[in-house]
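Student: Encoded as structure tokens, here's the structure I'll be asking about.
The values are calculated or read from the model by the stated rules, or taken from the named source; none is laboratory data. What you see is a predicted model, and the numbers here were worked out from it, not measured in a lab. All Cβ positions, glycine included, derive from the backbone under ideal geometry; neighbour counts span all protein chains shown.
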Amino acid sequence: MTVDAAAIAANLNAVRTRIAQAAQSAGRDPTEIALVAVSKTQPAEAVAAAYAAGQRVFGENRVQEAAEKFPALLAAHPAIHLTLIGALQSNKAARAVSLCHSIATLDRLKLANVLAQEMARQHRHPDLLVEVNIGAEAQKAGILPAALPMFLAQCHDLGLSVKGLMCIPPQGDDPVPHFTALTRLADTHHLAVRSMGMSGDFETAIRSGSTQVRVGTALFGAR
Ligand SMILES: *Cc1c(COP(=O)(O)O)cnc(C)c1O
């Protein structure tokens, strides 16, 4: 795959401008909103191009792919912050802890246990977000909203410091009620990070309280 670095830089500027405008229209400070550049399926050269254009936070959804792509990038650019935004199997938790600076998909007690063990063993403490199954979808990962208080208490008992919540609203639904519900949950539990909004809906998410948008297609093009 050939990488068009100029196009990535232009896309990055356009997305940053849209984030700032959405924040301003909602009466929010644009610096409250972090941009995660979702680089899944994109080659390392695309990450390097975004880095050269000033982007620092990158999101991958598979540990295996991140482990192939990012060690060399991190060696060349130690300021890169890598966040895992895809489902994490327990048997990949050790690698995720060693590689990632944050994990946005803490979604079950077994994983919380394994992460707590690995973080103690490796003396590495990636920031953790709890994934919430905000639409209570049968097939979807994530903690049900009603189960969140108990899950956060269990994480606390394990010594895990949860920084925020993340969600992906049900496909086809109006995302606004879901984004608003996630913001309310984060407020209730005094969690600063609300990771919500993708290429198709990040401005809506910002108007609904997002502090972290995860954008792939609008930066790197179609996958
Ligand atoms: C792929 C992905 C994104 C980015 O999606 P785009 O529509 O390409 O912006 C965001 N969040 C998660 C969890 C993803 O898997």
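Student: Please pick out the residue among Gly164, Gly172, Gly142, Gly216 that is touching a helix residue (DSSP H, G or I) at 6+ places or on another chain (Cβ under 8 Å) and small (Gly, Ala, Ser).
Tutor: Working: Gly172 fails: touching a helix residue (DSSP H, G or I) at 6+ places or on another chain (Cβ under 8 Å); Gly142 fails: touching a helix residue (DSSP H, G or I) at 6+ places or on another chain (Cβ under 8 Å); Gly216 fails: touching a helix residue (DSSP H, G or I) at 6+ places or on another chain (Cβ under 8 Å).
Going through Gly164, Gly172, Gly142, Gly216 in turn, the sole match is Gly164.
Student: So is Ile134 touching a residue at least 24 places away in the same chain (Cβ under 8 Å) and touching a His at 6+ places or on another chain (Cβ under 7 Å) or not? Walk me through how you get there before you give the answer.
Tutor: Working: touching a residue at least 24 places away in the same chain (Cβ under 8 Å): yes; touching a His at 6+ places or on another chain (Cβ under 7 Å): yes.
Here the answer is yes, as Ile134 does meet what is asked.
Student: So, one more: Could you check, for the stretch 211-218, whether at least one of its residues is in contact with an Asp or Glu (Cβ under 8 Å, 6 or more places away or on another chain) and either among the aliphatic types (A, V, I, L, M) or on the phi < 0 side of the Ramachandran plot (or both)?
Tutor: yes
Student: While we're on this one: Look through Ile8, Ile19 and report the one residue that is out of contact with any strand residue (DSSP E or B) (no Cβ under 7 Å at 6 or more places or on another chain), buried (at least 21 other Cβ atoms within 10 Å of the Cβ) and in a helix (DSSP H, G or I).
Tutor: Ile8
Student: Could you check, for the stretch 153-171, whether at least one of its residues is part of a helix (DSSP H, G or I), hydroxyl-bearing (Ser, Thr, Tyr) and farther than 22 Å from Asn61 by Cβ?
Tutor: Looking through the stretch 153-171, none of the residues is part of a helix (DSSP H, G or I), hydroxyl-bearing (Ser, Thr, Tyr) and farther than 22 Å from Asn61 by Cβ.
Student: Further, regarding this structure: I need the full set of residues from the stretch 42-66 which are within 12 Å of the ligand (Cβ to nearest atom), surrounded by 23 or more Cβ atoms within 10 Å (Cβ to Cβ) and not aromatic (Phe, Trp, Tyr), in order please.
Tutor: Gln42, Gly59, Glu60
Student: Within the stretch 164-178, can you find the residues that are in contact (Cβ under 8 Å) with a residue 40 or more places away in the chain and more than 16 Å from Val36 (Cα to Cα)? Spell out how you get there, then give the answer.
Tutor: Start the filter on the stretch 164-178 by keeping residues that are in contact (Cβ under 8 Å) with a residue 40 or more places away in the chain, which leaves 164, 166, 178.
Of everything in the stretch 164-178, just one residue is in contact (Cβ under 8 Å) with a residue 40 or more places away in the chain and more than 16 Å from Val36 (Cα to Cα), namely His178.
Student: Out of the stretch 178-223, which residues are within 15 Å of Ile19 (Cα to Cα), away from the ligand (no atom under 14 Å from the Cβ) and of a type in the set (D, E, K, R)?
Tutor: Result: Arg207, single match.
Student: Testing Ala37 on (1) within 21 Å of Thr217 (Cα to Cα); (2) within 17 Å of the chain's Cα centre (by Cα); (3) in a helix (DSSP H, G or I), one condition comes back false. Which one is that?
Tutor: It fails just one condition, (3).
Student: Kindly provide the set of residues from the stretch 77-93 that are part of a helix (DSSP H, G or I), touching a residue at least 12 places away in the same chain (Cβ under 8 Å) and either farther than 17 Å from Asp127 by Cβ or under 14 Å from the mean Cα position of the chain (by Cα) (or both), ordered by number.
Tutor: Scanning the stretch 77-93 gives Ser90, Lys92.
Student: Out of (1) farther than 20 Å from Ala34 by Cα; (2) in contact with an Asp or Glu (Cβ under 7 Å, 6 or more places away or on another chain), the odd one out for Ala87 is which?
Tutor: (2)
Student: Return the residue satisfying two criteria in turn: it lies in the stretch 67-78 and is over 19 Å from Ala5 (Cβ atoms) and either in contact with a strand residue (DSSP E or B) (Cβ under 7 Å, 6 or more places away or on another chain) or not charged (D, E, K, R) (or both), and of such residues it is nearest to the ligand (Cβ to nearest atom).
Tutor: Taking the stretch 67-78 and keeping what is over 19 Å from Ala5 (Cβ atoms), we get 67-68, 71, 74-75, 78.
Going one step further and asking which of them are either in contact with a strand residue (DSSP E or B) (Cβ under 7 Å, 6 or more places away or on another chain) or not charged (D, E, K, R) (or both), we end up with 67, 71, 74-75, 78.
Numbers: Ala67: 17, Pro71: 21, Leu74: 21, Ala75: 25, Pro78: 25 Å.
It comes out as Ala67.
Student: Then there is this: Scan the stretch 5-41 residue by residue and report those that are within 16 Å of the ligand (Cβ to nearest atom) and among the basic types (Lys, Arg).
Tutor: Matches in the stretch 5-41: Arg16, Arg18, Lys40.
Student: A further question on this structure: Any residue in the stretch 129-148 that is at pLDDT 95 or above, at positive phi and either surrounded by fewer than 19 Cβ atoms within 10 Å (Cβ to Cβ) or not in a loop (DSSP other than H, G, I, E, B) (or both)?
Tutor: Within the stretch 129-148, one or more residues are at pLDDT 95 or above, at positive phi and either surrounded by fewer than 19 Cβ atoms within 10 Å (Cβ to Cβ) or not in a loop (DSSP other than H, G, I, E, B) (or both).
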